[in-house]
Amino acid sequence: MARWLRPLVGALLLLEVAAALSFLHHRYEEMVQALFRVQSQCPYVTRIYSIGRSVEGRHLYVLEFSDYPGIHEPLEPEFKYVGNMHGNEVLGRELLLQLSEFLCEEYRRGNERITRLIHDTRIHIMPSMNPDGYEVAAKQGPDSNGYLTGRNNANGVDLNRNFPDLNTFMYYSGEISGPNHHIPLPDNWKSQVEPETLAVIQWISSYNFVLSANLHGGAVVANYPYDKSQDQRFRSHRRTVNTPTPDDKLFQKVSTAQLAKTYSYAHGWMYRGWNCGDYFADGITNGASWYSLSKGMQDFNYLYTNCFEITLELSCDKFPPEEDLERQWMANREALVAFIEEVHQGIKGMVSDENNNGIAGAVISVQGISHDITSGDMGDYFRLLLPGTYTVTASAEGYQPQTVTTTVGPAAPSLVHFQLKQDVVRKPPERKASGTRTNNKALQKKVVPRATRRGTQR
């Protein structure tokens with residue numbers, strides 16, 4: 001085929017796919033039918049599972065795309081999209097249903113880009129985290145929907161203010177130099193969260209997610225952590241202070257359009273900055289610089305797991321009319337796909353012992369970035385990084401740490417494997433039998449020096 005014809009044919013195929021999609025609002029039963037329809041059309045690369053139920057008993061369904069659904073393949077990163085966390089912010093829900101249909105259709109057509117994405121990535125799509133709230137908002141519809149109607153779950157709780165507050169632990173137990181990765185949860189955390197929040201926490205604890213976005217509405221901007229500032233709020237006065245993570249450059253850098261800017265610049269108009277009466281340079285913002293938010297899902301992902309998450313505000317109208325859905329889909333389609341592709345950057349590899357057995361929970365530290373990640377159950381790890389040269393250390397309890405220097409390019413991730421040697425603990429020499437108690441004591445003092453005693457306590 002002539003080279004000049006390929007873009008035209010590709011555009012015609014995409015238009016045909018777009019025409020086949022139904023740009024309608026989906027109530028719960030319709031959403032479930034849409035998910036199972038995709039699964040039936042692409043049975044060999046999809047799986048549907050539920051992570052739990054809402055307050056009113058609705059399933060929190062996830063649609064997975066992978067060449068081996070239900071199986072984690074070593075060195076294949078896990079990615080997730082979460083929509084409709086606020087029940088009345090519905091565009092993300094519809095976009096994720098459209099994305100699911102699009103991925104299936106393009107895979108069936110043999111689209112090389114989509115095929116490669118599904119074969120190299122395990123993609124998890126949750127269209128609605130708050131199906132109960134959506135039903136409340138949908139009863140009023142887009143014409144009469146109030147700004148807060150249906151926002152909360154059935155217990156009246158804002159799910160994006162319901163995760164354990166790990167920021168406070170980080171800021172005030174160790175000040176700014178405190179721990180900022182894999183912070184343990186408080187003992188009573190389960191009694192403080194809603195069923196939907198509990199389900200999500202257990203979900204992200206069960207999968208080694210690397211990159212994620214949660215989709216909201218009410219503005220048009222890509223928001224990156226931290227969401228909560230270190231400064232306290234004072235009665236009616238709320239201070240907004242830029243509060244960066246140790247990975248701030250990665251979250252916002254534009255050198256190769258990383259993370260937040262990846263979405264903003266691939267979006268139809270987010271990158272312009274002026275939207276909904278607000279201005280955000282390049283269409284991105286640090287969350288706390290916009291307004292400080294406590295107990296949010298974005299910061300929780302970063303502080304509790306290996307996952308880097310951003311929040312995507314996608315429309316001025318929280319419940320846009322159906323006639324606007326196709327325009328919104330066309331504006332977001334490329335951005336949704338491009339953001340998934342960002343999971344394939346930085347470094348990845350296996351951490352194993354001398355017998356090539358994977359080591360789970362090994363700590364991967366990057367010199368100069370005070371935020372560690374850990375290896376998964378099979379010993380594989382994924383560390384998102386910008387292009388550059390880095391000194392990386394892998395360490396695990398009972399093993400000697402290993403440090404390497406590696407260079408990260410702008411395309412595929414660099415493979416960096418670690419094989420850790422077991423940490424040998426010296427045993428004290430055996431004491432010879434002695435005929436007198438005095439000699440026993442003297443011998444004991446002689447053969448158990450301080451260094452050996454210290455090693456025994458390790």
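Taking the Cα centre of region 52-208 as the origin, how large is its charge dipole in debye, to the nearest 20, when only Lys and Arg (+1) and Asp and Glu (-1) carry charge on their Cβ atoms?
140
Once Lys and Arg get +1 and Asp and Glu get -1 on their Cβ, which of Gly361, Thr406, Gly346 lies farthest toward the positive end of the dipole of region 284-411?
Checking the options against the dipole of region 284-411, the answer is Thr406.
Using a 1.4 angstrom probe on heavy atoms only, work out the carbon and sulfur share of the accessible area of region 342-388 in %. Please list the in-between numbers first.
Numbers: 700 of 1660 Å².
Answer for region 342-388: carbon and sulfur cover 42 percent of the accessible area.
Compute the orientation-averaged projected area for region 121-163 from the convex hull of its Cα atoms and round it to one decimal in nm². Spell out each step's value before the answer.
On the way: hull surface 16.9 nm².
Convex hull of Cα atoms, orientation-averaged projection: 4.2 nm².
Measure of size requested: the Rg and Dmax of region 41-135, with Cα atoms as the atom set and Å as the unit; please supply both.
13.8, 42
In this model, which of Lys139/Lys228; Lys80/Lys295; Lys295/Lys348 are farther than 22 Å apart at the alpha-carbon?
Values: Lys139/Lys228 33 Å; Lys80/Lys295 20 Å; Lys295/Lys348 30 Å.
From Lys139/Lys228; Lys80/Lys295; Lys295/Lys348, over 22 Å: Lys139/Lys228; Lys295/Lys348.
Quick one, what does Rg over Rh come out to for region 89-153 if you take C-alpha atoms and the Kirkwood Rh? Before the final figure, lay out each step's value.
Details: Rg = 15.8 Å, Rh = 13.7 Å.
Rg/Rh for region 89-153 comes to 1.16.
Could you check how much of the accessible area of region 36-187 is carbon and sulfur, as a whole percent, using a 1.4 Å probe? Before the final figure, lay out the partial values.
Numbers: 2840 of 5780 Å².
Carbon plus sulfur share of accessible area: 49 percent.
Take the Cα coordinates of region 292-333, assign each an equal point scatterer, and use the Debye formula without solvent to give log10 I(q)/I(0) at q = 0.21, 0.26, 0.33 Å⁻¹.
Those come out to -0.75, -0.86, -1.15, one per q.
Find the accessible area per residue for region 300-345; the probe is 1.4 Å, ligands and nucleic acids are left out, and the unit is Å². Provide the component values of the computation, followed by the final result.
On the way: 1220 Å² over 46 residues.
Ligands and nucleic acids excluded, the figure is 27 Å² per residue.
Express in nm, to one decimal, how much length is gained between Glu322 and Arg116 on full extension, taking 0.36 nm for each residue of separation and deducting their alpha carbon distance. Don't skip to the end; give the middle numbers.
Values: separation 206, 0.36 × 206 = 74.16 nm, distance 3.21 nm.
The span from Glu322 to Arg116 would gain 71.0 nm if fully extended.
Can you give me the accessible area per residue for region 77-120, using a 1.4 Å probe, in Å²?
Values: 1070 Å² over 44 residues.
Heavy-atom accessible area per residue stands at 24 Å².
The values are calculated or read from the model by the stated rules, or taken from the named source; none is laboratory data. On a predicted model such as this, the values are computed, not experimentally measured, just so you know. No Cβ is skipped: glycine too gets one built from the backbone with ideal geometry, and neighbour counts run over all protein chains shown. Quick note on the areas: whole protein, heavy atoms, side chains included, nothing else; ligands and nucleic acids left out. Shrake-Rupley method; radii C 1.70, N 1.55, O 1.52, S 1.80 Å.
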